[in-house]
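Note sheet for the following structure.
The values are calculated or read from the model by the stated rules, or taken from the named source; none is laboratory data. What you are looking at is a predicted structure, and each value in this text was computed from that prediction instead of being measured. Heads up, the Cβs are rebuilt from the backbone with ideal geometry, glycines too, and the neighbour counts pull from every protein chain shown. Keep in mind that these areas ignore ligands, DNA and RNA; they rest on the heavy atoms of the full protein, side chains included. Shrake-Rupley method; radii C 1.70, N 1.55, O 1.52, S 1.80 Å.
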Amino acid sequence: MRDWQKTLVGPEATFRDALKVIDATGAGMALIVDADRRLIGVLSDGDFRRALIRGAGLEDPAVSAANREPVCIDQHQDRAATLAMLRAHSLRQLPVLDAERRVVGLTTVSDFLNLPVRSNPVVIMAGGKGERLAELTRDTPKPMLKVGPRPILDTIVGNLAGQGFRRFWLAVNYKADQIERHFGDGSALGLEIRYLRETKPLGTCGALALLPEPDEPFVVTNGDVLTKVDYGHVMDSHLEAGADATVVVRDYQMQVPFGVIDAADGQIVRINEKPTQSFTISAGAYVLSPSALGLVPRDAYHDMPTLLADMIGAGLAVRQQWAEGYWMDIGRPPDYAQANADFGAVFGG
């Protein structure tokens, strides 16, 4: 829900106050929060009716009838899991909370039914050779390798189209003809698909110099990443933050296969057996504002980390946004095999 802040009321709110909020927003719910916006409880229109039946008055405190333990979702939960929770609990709304139980949004059923068509362009980097996949990409470009019953690029485009995006640019180089024959101009899919044709490898963002400058922020994503990222939510958050770049990030854990020694003055203090280290990594998905394009050199190899570093150096606002849910880069054979094993359960065949 875009104007979710209007559903918030303080702990001193009366039933009359909460009813005005419910009526004005059409959300069917008022969220009662403390001064730090931590959720105290929720009052639905059903809660309000039951309170009236019990004899409550309009000037009574709304919190007296609030549900103090409502079903909520974490702000990092992906779109598919959110929809599943709405269905499982037969709910029309779900408050969205951060790690401190502060309200950061309100998801409603209408968010899924009234999906906006987005004019923001999407650039998919699909020109790499996929050398780590060796024989698999000898005759087929990596984005056209099948994961499940179809090429990974089909799934990427389909997910974005399902989120309301209609305008696509595919950056192509290695065996580009296969990609262009497969997608054409996108009209068969109800989309507009055009191509950024690299005459030589330009890195993970060099092809952006070929992009006609848009007048609004655009999505950039790698053509070898399977994910359930809600790009529409990332775009909305980018706009709300007034950022120049948003980097979608996630946790990545690595287990050290040995005992790690902590020592002091030559004496072992502790042995940590096969510890796991956690890192925050880029998920290969971004939202960039047009201001970023001026920093991409023409006809030159350029990587996204360099562009982001240049933006930071230029004083532009570069933010991160966590994305939970399924994510898999298919660049290595074991990951490609795992993506195929996961596909049916994650993407429904």
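Does anything in region 316-349 have its amide N under 14 Å from the 7 Å Cα→Cβ label point of Ala84, and if so which residues? Of the residues in region 316-349, 324-327, 342-349 have backbone N under 14 Å from the label point off Ala84. For the options Phe279, Phe15, Phe183, a Gaussian network treatment of the chain with springs between C-alpha atoms closer than 10 Å singles out Phe279 as fluctuating the most. Computed from backbone phi with θ = phi - 60° and the Karplus coefficients 6.51, -1.76 and 1.60, the 3J(HN,Hα) list for region 13-19 is 4, 8, 4, 4, 4, 5, 5 Hz; x is used for glycine and proline.
Cross-link reach is defined here as a Cα-Cα straight distance under 21 Å, omitting same-chain residues fewer than 8 places apart; for Lys146 the lysines meeting it are Lys129, Lys175, Lys228. Relative to the Cα centre, the charge distribution of region 192-349, modelled as +1 at Lys and Arg Cβ and -1 at Asp and Glu Cβ, gives a dipole magnitude of about 340 debye.
In the elastic network of the chain, a GNM with C-alpha springs shorter than 10 Å, the most mobile of Ala27, Ala99, Ala309 is Ala99.
Estimate the FRET efficiency between Asp177 and Ser110 by the formula 1/(1 + (r/R0)^6), using the beta-carbon distance for r and 41 Å for R0, to the nearest 0.05. Plugging the Cβ-Cβ distance into 1/(1 + (r/R0)^6) gives 0.45.
For region 71-112, what mean projected area does the convex hull of the alpha carbons give, in nm²? Spelled out: convex hull of the Cα atoms, projected over all directions, averaged, 2.6 nm².
If a paramagnetic tag sat 7 Å from the Cα of Arg2 along the Cα-Cβ line, which residues of region 163-181 would have the backbone N under 19 Å from that point? Inside the label zone: 163-167.
Where only DSSP H runs of four or more residues are counted, the chain gives -7500 deg cm²/dmol as its mean residue ellipticity at 222 nm, each run worth -39500 (n - 2.57). Quantify how much of the Cα-Cα distance distribution of region 40-190 extends past 26 Å, in percent. The answer is 51 percent, as a whole percent. Once backbone amide H atoms are built at 1.01 Å from N, Ile40 has Ile32, Val33, Asp34 as its partners under 5 Å, excluding neighbours fewer than 5 places away on the same chain.
Estimated translational diffusion coefficient (Stokes-Einstein, Kirkwood radius over Cα pairs, 10 °C, 1.306 mPa s) of region 103-201: 107 µm² per second.
Here region 31-120 yields Rg over Rh of 1.03, to two decimals, using C-alpha coordinates and the Kirkwood radius. Here the accessible area of the chain is 50 percent carbon and sulfur, with a 1.4 angstrom probe and all protein chains present. Once both labels are modelled 7 Å past Cα along the beta-carbon direction, what's the Ser187-Thr280 spacing in nm? Simple spin-label model gives 4.6 nm for this pair.
Counting pairwise Cα distances across region 295-349, what percent come out greater than 19 angstrom? When all Cα pairs of region 295-349 are counted, 57 percent exceed 19 Å. Over what distance in Å are the Cα centres of region 103-151 and region 185-213 separated? When both Cα centres are located, 14 Å separates them.
Angle of helix 152-162 to the longest C-alpha principal axis of the chain, folded into 0 to 90 degrees and rounded to 10: 30°. In terms of overall dimensions, the C-alpha atoms belonging to region 209-343 reach 60, 42, 33 Å along their principal axes, ordered largest to smallest. The amide H of Val249, built 1.01 Å from its N in the peptide plane, has Ala283, Gln321, Trp322, Ala323 as neighbours under 5 Å, considering only residues 5 or more places off or on other chains. Computed from the C-beta positions of Ala317 and His76, the FRET efficiency with R₀ = 25 Å rounds to 0.75.
Overall size of the chain from C-alpha positions, given as principal axis extents largest first: 75, 68, 44 Å.
Note on the chain: GNM, Cα springs under 10 Å; of Val247, Val63, Val225, the largest mean-square fluctuation is that of Val63. A Förster distance of 22 Å, applied to the separation of the beta-carbon atoms of Ile53 and Lys20, puts the FRET efficiency at 0.65. With all protein chains kept in place, the per residue accessible area of the chain amounts to 50 square angstrom at a probe of 1.4 angstrom.
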